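S.K.: Got a structure for you, questions after.
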Amino acid sequence: MTQRGRRGPAAAPRRHGRRAWLATFGLLAALALPAPAPATAQSATEPVSDLQVTVSELTGVLGPGTAVVDTSRLDPRTHAPGTEDELLLRVLVENTGDQPLDQLRLIVELHAPVRSRGQLHDALGDGPDTEPQQVLHDEPIRSGDAIAPDAIAGVQVAVEVDDVDWDGGGVYPLGIAVARGTDVLAEVHTAVVWLPQPVTDPLLTSLVWPVGDRPWQGANGTYEEGVDRAIEPGERLDVLLATLERRTDPPVVLAPSVALAEDLRDRADGFTAVTRRPDGSSETRLVDPEDPPAQLARETLHRLRDVSRGLPFAPVAGAYADADVTALSRHGTELTALGAEAAVEGRRRLALQLDRASDAATYLADERLTPEVLDLVPGDQVLVPTSAVADRTGEEVTALAPLRSNSGRLFTAIVADRQIGAWLASPPSGAGPVVDAQRILAETAQAWFQAPGATGRSLLLLPPDDWAPSAETAERLLDALETAPWAQLTSPGHQAALGRQAATPVRLHGTTAVSLDPALAASLSETVAELSALETALPDDADTADGRTPSELHDVLLRSTSATNLDNGGTAGEALVRDVRRTIEETFGDVVVASGSRVTLTSDTGQIPVTLQRTRGGPIAVRVEVASQGRLVWPDGQRSEVIELTEGAAQTVSFATRALSTGTFSVAVRVTDPTGTHTLERTTLSVRSAAISGPALAATGGAVLLLLLAGALRRRRPRPPRLAVVEPPPDPVKHGERT
């Protein structure tokens, strides 16, 4: 289905039958024609300028099974109903070179129907690898007259269906070539669908219509100049909205970006724009609500809301601001909780912004989906991009399959079609919107032809977030899908309720490569905790230093985790985190301990006063904590009640204490938010106790009493009796006495 430039016979080993036929024709033509007179047109042997071949009309669906549809809802500018008995083709051939081109022929070849999705995808890309089944047209363009530079020649081909060699129902590749002599100068590959009988079991098909962009708001609530280009007239988001606005109840599933809607609302009230200079510096300017950029934002938001209200199906949402939930889930409890919040906030905020309930049962996943993330997402069914799936081949006959999270939670996965997704993400073919829309339609038809007798099969068309079709391509695609007999456009909920699931569960890649920069993850985790502390420290409904509330700062942190902000090392995300940290520091401001550094206790018990002064910042609530090395005890606790400080004011809080001994002790004082997370001031007091403490005095008195008692007992004890010394009588012999 793509257009190709000049290709000689040696460059194309395939389709040798056609090359031989062209060579024979060229030889006969050369013998029959007289020698040409000198002319300005290029001959067959000269280098050929580029040709642009565009298909402006094609009857892409034919056969008795073609449904009779009500075309009153379709856009008459793009929908030109053909008849069921005629294959109509209009081709525009433009000479984009600087020399006239003559002796050109238009050749249209029909190939046998493809037998697989892969065969069709290859045929639409590089061309079929089979010989043509039938040559439908082979005629000179402008009777061989030259096409002047920058001129366009139009050719219309109409073939009765009875004259076509149909080989049963299916998708038939169609080759359109411009040739001169034996050279094929340009080619276009497309396909037509032949339905020999009515379709009774259409595919339950969901067409997701993404209307989103990366988060626009930068640090400090500013916006880069030109960030809103996508909503300007004729640009991507304007085209997507305009396509739906021109239709009545278009059966698409809208997937708006919540962050985009919030940015539009914010810009509508005026904003600050930042212009970057080549030298790296920047300047800011204030955009008033009456200025064109603000008016454009306001109008776009109204258009988005109006379109949403007119759709038959509820819109779907993924993670808020396209947060990388997978990366967040791999960096601790704090960031896992942040990722879970982003997953839930998407659908809640979408309903608030659009003033319409979103599809609460459906979660729009991204390509980074993993089994552990499934435990964080809401809903019962998940729209899964094929890039997140590890084991589906593209030949599946239904989009529905069971899907389990790590904890065993069961989901219904609706997996996007791989081949169609590739075409939706591809750049334009260059052959015109008719070809671009027809290749997607042909893929949906072949999906049905894979198992035409099966019922309850589903198909999901999931364009990329930055899908940018031309206005005509979008119109023609919707026209074609609405009238395709084999596709019943519906909602994911209807698919999950009525569709048949595949027997094999979906297996996700579960990649381990997705993670945050460690430094960014640590900074983000700390900032989340600090912001939570700030919220408890601020009075009710108080703003921060730069006029943003804690909830608005929390949104900035959520936006910092957007996949686009985490690209290129996370530079953009890191800037948003720094912005929040700076605001937190400015809002906490400064608190000093102004009560002096020395305290003397004249008895064993007393009060230690701590005087706080708010030297910078607005009203804030704090607590004071004291701690010592065990020489002091605190009968009433070591933490004060919450104290509210105002700028310039001072307050004193006292702590009751009792000294266990005399001496000088150090007391650490810390001033924090009410939760104790953020420290505003830290200092040390010197406490001197000059009096003997009660316990010490009691101990000393007890010792003295024991000593006195012991002395008294000793005095009252009776003395033992003394024994008399009896001397023996003198010895008479010894003294000279005789008997």
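The values are calculated or read from the model by the stated rules, or taken from the named source; none is laboratory data. Bear in mind that the values here come from a model prediction, so they are computed numbers and not experimental data. Counting neighbours? That spans all protein chains shown, and the Cβs are built from the backbone with ideal geometry, glycine included.
S.K.: Against the conditions (1) surrounded by fewer than 20 Cβ atoms within 10 Å (Cβ to Cβ); (2) of a type in the set (S, T, Y); (3) in contact (Cβ under 8 Å) with a residue 12 or more places away in the chain, where does T370 fall short? Just the number, please.
M.R.: (1)
S.K.: Counting only residues that are farther than 30 Å from A323 by Cβ and either in contact with a Cys (Cβ under 9 Å, 6 or more places away or on another chain) or hydrophobic (A, V, I, L, M, F, W, C) (or both), how many does segment 447-470 have?
M.R.: Number of matching residues: 5.
S.K.: Test A503 against the stated conditions and say whether it is over 26 Å from the mean Cα position of the chain (by Cα) and either in contact (Cβ under 8 Å) with a residue 40 or more places away in the chain or assigned by TED's automatic domain parsing to the domain that holds D673 (or both).
M.R.: no
S.K.: Among (1) among the acidic types (D, E); (2) within 41 Å of the chain's Cα centre (by Cα); (3) more than 30 Å from T455 (Cβ to Cβ), there is one condition D150 misses while meeting the rest; what is its number?
M.R.: (2)
S.K.: Looking only at segment 546-558, decide whether some residue is buried (at least 21 other Cβ atoms within 10 Å of the Cβ) and over 30 Å from V622 (Cβ atoms).
M.R.: no
S.K.: Can you give me the ranges of the strands (runs of 3 or more DSSP E) entirely in segment 157-214 with at least 3 residues that are of a type in the set (G, A, S)?
M.R.: The qualifying strands (runs of 3 or more DSSP E) are 170-180.
Each row is one residue, and each column tells you yes or no for (1) surrounded by fewer than 14 Cβ atoms within 10 Å (Cβ to Cβ); (2) among the hydrophobic types (A, V, I, L, M, F, W, C); (3) over 23 Å from T602 (Cα atoms).
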| position | (1), (2), (3) |
| --- | --- |
| L632 | no, yes, no |
| L645 | no, yes, yes |
| G663 | yes, no, no |
| D673 | no, no, yes |
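S.K.: Pick from L51, L92: which is modelled with pLDDT of 95 or more, within 42 Å of the chain's Cα centre (by Cα) and surrounded by 12 or more Cβ atoms within 10 Å (Cβ to Cβ)?
M.R.: Result: L92 is the single residue among L51, L92 that is modelled with pLDDT of 95 or more, within 42 Å of the chain's Cα centre (by Cα) and surrounded by 12 or more Cβ atoms within 10 Å (Cβ to Cβ).
S.K.: Let me ask another. Write out, first by first residue and then by second, each pair whose Cβ atoms fall under 6 Å of each other, whose residues are 6+ apart or on separate chains, and whose first residue, in segment 649-675, is of a type outside the set (K, R) while the second is part of a loop (DSSP other than H, G, I, E, B) and loosely packed, with under 14 Cβ neighbours inside 10 Å.
M.R.: The qualifying pairs are A656/P635; A656/D636; P674/V642.
S.K.: I need the full set of residues from segment 580-605 which are of a type in the set (G, A, S) and closer than 30 Å to R559 by Cβ, in order please.
M.R.: Listed by number, the list holds a single entry, G589.
S.K.: May I pose another question? Just to confirm my filter: which helices (runs of 4 or more DSSP H) fall fully inside segment 274-355 and include at least 3 residues that are at pLDDT below 95?
M.R.: Result: 325-328, 332-354.
S.K.: Just checking, which of L403, L424 is surrounded by 15 or more Cβ atoms within 10 Å (Cβ to Cβ), in a helix (DSSP H, G or I) and in contact (Cβ under 8 Å) with a residue 40 or more places away in the chain?
M.R.: L424
S.K.: Which residue, of D322, D380, is in contact (Cβ under 8 Å) with a residue 24 or more places away in the chain, touching a strand residue (DSSP E or B) at 6+ places or on another chain (Cβ under 7 Å) and surrounded by fewer than 16 Cβ atoms within 10 Å (Cβ to Cβ)?
M.R.: D380
S.K.: Looking at (1) surrounded by fewer than 22 Cβ atoms within 10 Å (Cβ to Cβ); (2) outside the structural domain of S458 (by TED's automatic domain parsing); (3) within 25 Å of the chain's Cα centre (by Cα), find the lone condition where R267 falls short.
M.R.: (1)
S.K.: Of P452, P433, which residue is surrounded by fewer than 23 Cβ atoms within 10 Å (Cβ to Cβ), at pLDDT 95 or above and within 30 Å of L89 (Cα to Cα)?
M.R.: After applying the criteria, what remains is P433.
S.K.: Among the residues of segment 168-186, are any farther than 30 Å from D546 by Cβ, surrounded by fewer than 16 Cβ atoms within 10 Å (Cβ to Cβ) and either in the same structural domain as V384 (by TED's automatic domain parsing) or modelled with pLDDT under 95 (or both)?
M.R.: Looking for residues that are farther than 30 Å from D546 by Cβ, surrounded by fewer than 16 Cβ atoms within 10 Å (Cβ to Cβ) and either in the same structural domain as V384 (by TED's automatic domain parsing) or modelled with pLDDT under 95 (or both), one finds at least one in segment 168-186, hence yes.
S.K.: Is it fair to say R476 is modelled with pLDDT under 95 and charged (D, E, K, R)?
M.R.: Taking the combined requirement at face value, the residue does not satisfy it.
S.K.: On to the next question. Taking segment 220-265 only, how many residues are hydroxyl-bearing (S, T, Y) and assigned to a loop (DSSP other than H, G, I, E, B)?
M.R.: Residues meeting the conditions: 3.
S.K.: Same structure, new question: Hand me the list of strands (runs of 3 or more DSSP E) wholly inside segment 615-667 holding 1 or more residues that are among the acidic types (D, E) and within 42 Å of the chain's Cα centre (by Cα).
M.R.: Counting at least 1 such residues, we get 643-645.
S.K.: Looking only at segment 596-623, count every residue that is modelled with pLDDT of 90 or more and of a type in the set (V, I, T) and tell me the total.
M.R.: 6
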